[in-house]
1. Out of E207, E215, E230, I need the residue that is open to solvent by 40 Å² or more (accessible area, probe 1.4 Å), modelled with pLDDT of 95 or more and out of contact with any Phe, Trp or Tyr (no Cβ under 6 Å at 6 or more places or on another chain). Which one?
2. Name the residues in segment 256-282 that are closer than 12 Å to R216 by Cβ and touching a Phe, Trp or Tyr at 6+ places or on another chain (Cβ under 7 Å), would you?
3. Name the strands (runs of 3 or more DSSP E) wholly inside segment 97-151 in which the number of residues that are of a type in the set (A, V, I, L, M) and more than 27 Å from H169 (Cβ to Cβ) is 1 or more.
4. Just to confirm my filter: which strands (runs of 3 or more DSSP E) fall fully inside segment 169-236 and include at least 2 residues that are over 23 Å from N280 (Cβ atoms) and out of contact with any helix residue (DSSP H, G or I) (no Cβ under 6 Å at 6 or more places or on another chain)?
5. Please go through segment 38-54 and give me each residue that is open to solvent by less than 30 Å² (accessible area, probe 1.4 Å) and farther than 17 Å from G339 by Cα, ordered by number.
6. Restricting the search to segment 240-277, which residues are assigned to a strand (DSSP E or B), touching a residue at least 24 places away in the same chain (Cβ under 8 Å) and either over 22 Å from the mean Cα position of the chain (by Cα) or under 22 Å from L353 (Cβ atoms) (or both)?
7. Quick one: which residue in V103, V186, V120, V178 is open to solvent by 10 Å² or more (accessible area, probe 1.4 Å), among the hydrophobic types (A, V, I, L, M, F, W, C) and in contact (Cβ under 8 Å) with a residue 40 or more places away in the chain?
Amino acid sequence: MKRYMLVALLLLAAFCNLPNVLAEPVIPPDEFPIFNSEWNLNNCGHFFTDGECFFVNGGDGKFYRLDDQLQLGQEVFDSNVRGADRVSYLEAEHRLYFIADRVGKNKDGGLYRVQFRDGVIIGDVECLVKGTVVNYAIDEKYICYCKDGYNGIYRIEHDGSNKFKLSNHTIQTKNPAVRMHLENGVLYYINNKDHCLWSVPVEAEDENQATMFIERPMHYFIMAPYKRKESQETEKIIIYVEYAENTTKLDKAHLAVVDWNGERVKELDYLRDIQSRYINYYHGVLYYIDSSLDPQVPKWIRLDTEGESGGAIDVAGQGDLKAFKASDGLHWEFNSRVGYIHVFDGWIVMNELGDTFRFYNPRTGRSDVTGGAGTDIWFVNTQTMTSYRCRLKH
């Protein structure tokens, strides 16, 4: 009798959970985002996709595969890998490149790579560079990197071979996102000494070929096409976060923009009025968070740099993006402590940075501030403006 009762209870529990089991996937398999486009910034590699699933950093140095409801599922790495961060996924190779504090017996950390198919690690993890790698940039042929405590920016091939010193400069160790970028055989980077933008051919013959590209102090930068209003000609511009004395005052930094010759793009001068440190670019749109806005009514703003609007500021999606519909039915309203924007095909992904969040309860009509939000991750569908919160394990 007890056995039958146990079976009945299990069936009842399964039936009660049936709606969750049969819930429609947040992203149907045939509508999954494509890989990042050119100029989309890695932003510390907190998120990536292999074209079938999203993967996120759980904030504990562990990467997780998300299930069809965009919630934490299986871990990518086993206990052999500790402190993983800044992941880059190369579709052509089916490989992950990442920085870790420790892999196996190597306690010094380094830059690693591993085969990755169908969300699963295949084979052994290869160490490409030993030591604390501050930052790295990767293209289809080379990896450029800088190590903490060492002068010099180096180039290697994807298997770690043919190490070559490109310059005698270093990259700032604090807030290292978006400070190196490889494009068309040229490495662009922010030199730690003067905070200006430098460039060097990735196949330079010696370390003396690096030259100052833009003599303007900056924290982060984006290179993107822009269509001039008058001529309708498209050219490349550099949008950057102006240097704000030091990295402890990044929230007071402003945006600025110059052309390929370092000259002001006057028709975009209004960007200087925007106080922002979190930026990204995707398919003709500059995404940024304006940290000067009232924290209770923040807006996610985007700038169309090459579309019909001719550079006019537009709020992303359907009007004010401060109001999101969460998967649990509540209407969440972000405060200003969200950042590290990453943009995929049809999706914005970002970290929740603060320890509070604001929500609206449609049943009571009340808004309250609730603590303990931690560093969860939000996914926003740019077409429907529906948002989904990935709750991280704390």
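1. Working: E207 fails: modelled with pLDDT of 95 or more; E230 fails: modelled with pLDDT of 95 or more.
None of the other options fit; the residue is E215.
2. A256
3. Numbers: elements: 110-117, 120-130, 133-138, 142-147.
Once the strands (runs of 3 or more DSSP E) in segment 97-151 are filtered for at least 1 residues that are of a type in the set (A, V, I, L, M) and more than 27 Å from H169 (Cβ to Cβ), what remains is 110-117, 120-130.
4. Numbers: elements: 180-183, 186-190, 197-201, 211-214, 218-227.
Counting at least 2 such residues, we get 197-201, 211-214.
5. Of everything in segment 38-54, those that are open to solvent by less than 30 Å² (accessible area, probe 1.4 Å) and farther than 17 Å from G339 by Cα turn out to be T49, D50, G51, C53, F54.
6. Y240, V241, E242, L255, V258, D259, Q275
7. Numbers: V103 fails: in contact (Cβ under 8 Å) with a residue 40 or more places away in the chain; V186 fails: in contact (Cβ under 8 Å) with a residue 40 or more places away in the chain; V120 fails: in contact (Cβ under 8 Å) with a residue 40 or more places away in the chain.
None of the others qualify; the one that does is V178.
The values are calculated or read from the model by the stated rules, or taken from the named source; none is laboratory data. None of the values given here were measured: they were computed from a predicted structure. Neighbour counts are summed over all protein chains in view; Cβ atoms, including those assigned to glycine, are modelled from backbone coordinates with ideal geometry. Just the protein is used for accessible areas: all its heavy atoms, side chains included, with ligands, DNA and RNA removed. Shrake-Rupley method; radii C 1.70, N 1.55, O 1.52, S 1.80 Å.
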